[in-house]
1. Mind counting the residues in the stretch 79-110 that are closer than 12 Å to Cys67 by Cα and acidic (Asp, Glu)?
2. Scan (1) more than 20 Å from Gly95 (Cα to Cα); (2) free of Cβ contacts under 8 Å to residues at least 24 places away in the same chain for the single condition Glu134 breaks and write down its number.
3. Consider the stretch 150-193. How many of its residues are part of a loop (DSSP other than H, G, I, E, B), touching a residue at least 12 places away in the same chain (Cβ under 8 Å) and more than 23 Å from Ala108 (Cβ to Cβ)?
4. Give all pairs with beta carbons closer than 6 Å in which a residue from the stretch 239-251 that is part of a helix (DSSP H, G or I) meets a residue that is among the small types (Gly, Ala, Ser) and surrounded by fewer than 18 Cβ atoms within 10 Å (Cβ to Cβ); count only pairs at least 6 apart in sequence or on separate chains.
5. Return the residues of the stretch 234-251 that are surrounded by fewer than 16 Cβ atoms within 10 Å (Cβ to Cβ) and at pLDDT 95 or above; say none if nothing qualifies.
6. Filter the stretch 211-233 for residues that are at pLDDT 95 or above and part of a loop (DSSP other than H, G, I, E, B) and give the result.
7. Does any residue of the stretch 99-113 turn out to be within 18 Å of the chain's Cα centre (by Cα) and closer than 14 Å to Ala7 by Cα?
8. Within the stretch 76-86, identify whether any single residue is surrounded by 15 or more Cβ atoms within 10 Å (Cβ to Cβ), part of a helix (DSSP H, G or I) and among the hydroxyl-bearing types (Ser, Thr, Tyr), and answer yes or no.
Amino acid sequence: MRKNIVAGNWKMNKTLQEGIALAKELNEILAGEKANCDVVICTPFIHLASVTALVDPAKMAVGAENCADKESGAYTGEVSAAMVASTGAKYVILGHSERRAYYGETVAMLEEKVKLALANGLTPIFCVGEVLDERDNNKQNEVVAAQMASVFSLSAADFSKIVLAYEPVWAIGTGKTATPAQAQEMHAFIRSIVAEKYGKEIADDCSILYGGSCKPSNARELFVNPDVDGGLIGGAALKASDFKGIIDAFN
């Protein structure tokens, strides 16, 4: 069954103490009510063990922002999918545009990361999206379809375990947001190519999140679209009241 999901991506923000404080605040805010969506917070690696221990798993899941493309070994500074899973985290963001742009992550590398995440019981939130130049040249569909190659090698059973996120790179941290119509158009395109590959039933069950300057003021008009199943939230996830405002867009 397709789920509505609001996932926070803290990126490289918050010391351990600040992260624990934010997680506790979210825990308290969500304690008294039932959200109409699944809530996930994806934190820096150093926060994971502390945060998973203190959040109420009935209200909120925890995820990492990345994992390695290797199982284990002499890879100084890397964190494996098994390590992430050992903290109690349930999700991992993979293929974020910042990882692709700044750290040279390729389709093949991300294919390995997705497989390792799934093998260790994690749910990948797999990101795709185009930069402004690609959008201006009307190449967004071509770019996104090429990025999906990292997950289109999966079996139908494994593909059905992942979550997708569309992030127009030109709208991340810029204050620009894809219009609800632009978001819906791309989400519908992504669902159509999933249907071509795996069939309509799996495509209909796939959650596709929108990431790109989503905030309390525009979340509802984005989430009301039939193919937009929630958000991958950056800046607004760093303040409990803003994040809660986005969660409330499903109420």
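The values are calculated or read from the model by the stated rules, or taken from the named source; none is laboratory data. Given the structure is predicted, the values throughout are model-derived calculations rather than measurements. Virtual Cβ from ideal backbone geometry, glycine too; neighbours counted across all protein chains shown.
1. Final tally of qualifying residues: 1.
2. With respect to (1) more than 20 Å from Gly95 (Cα to Cα); (2) free of Cβ contacts under 8 Å to residues at least 24 places away in the same chain, Glu134 is out only on (1).
3. Let us first name the residues in the stretch 150-193 that are part of a loop (DSSP other than H, G, I, E, B), namely 151-155, 160-162, 167-168, 172-179.
If we keep only those that are touching a residue at least 12 places away in the same chain (Cβ under 8 Å) as well, we get 151-154, 160-162, 167-168, 172-178.
Going one step further and asking which of them are more than 23 Å from Ala108 (Cβ to Cβ), we end up with 168, 172-178.
Number of matching residues: 8.
4. Ile247/Ala35
5. To start, the set of residues in the stretch 234-251 that are surrounded by fewer than 16 Cβ atoms within 10 Å (Cβ to Cβ) comprises 239, 241, 251.
If the condition is that a residue be surrounded by fewer than 16 Cβ atoms within 10 Å (Cβ to Cβ) and at pLDDT 95 or above, then Lys239, Ser241 are the ones that fit.
6. If the condition is that a residue be at pLDDT 95 or above and part of a loop (DSSP other than H, G, I, E, B), then Val224, Asn225, Pro226, Asp227, Val228, Asp229 are the ones that fit.
7. Checked against the condition, which is being within 18 Å of the chain's Cα centre (by Cα) and closer than 14 Å to Ala7 by Cα, the stretch 99-113 yields no hits at all.
8. No, because not a single residue in the stretch 76-86 is surrounded by 15 or more Cβ atoms within 10 Å (Cβ to Cβ), part of a helix (DSSP H, G or I) and among the hydroxyl-bearing types (Ser, Thr, Tyr).
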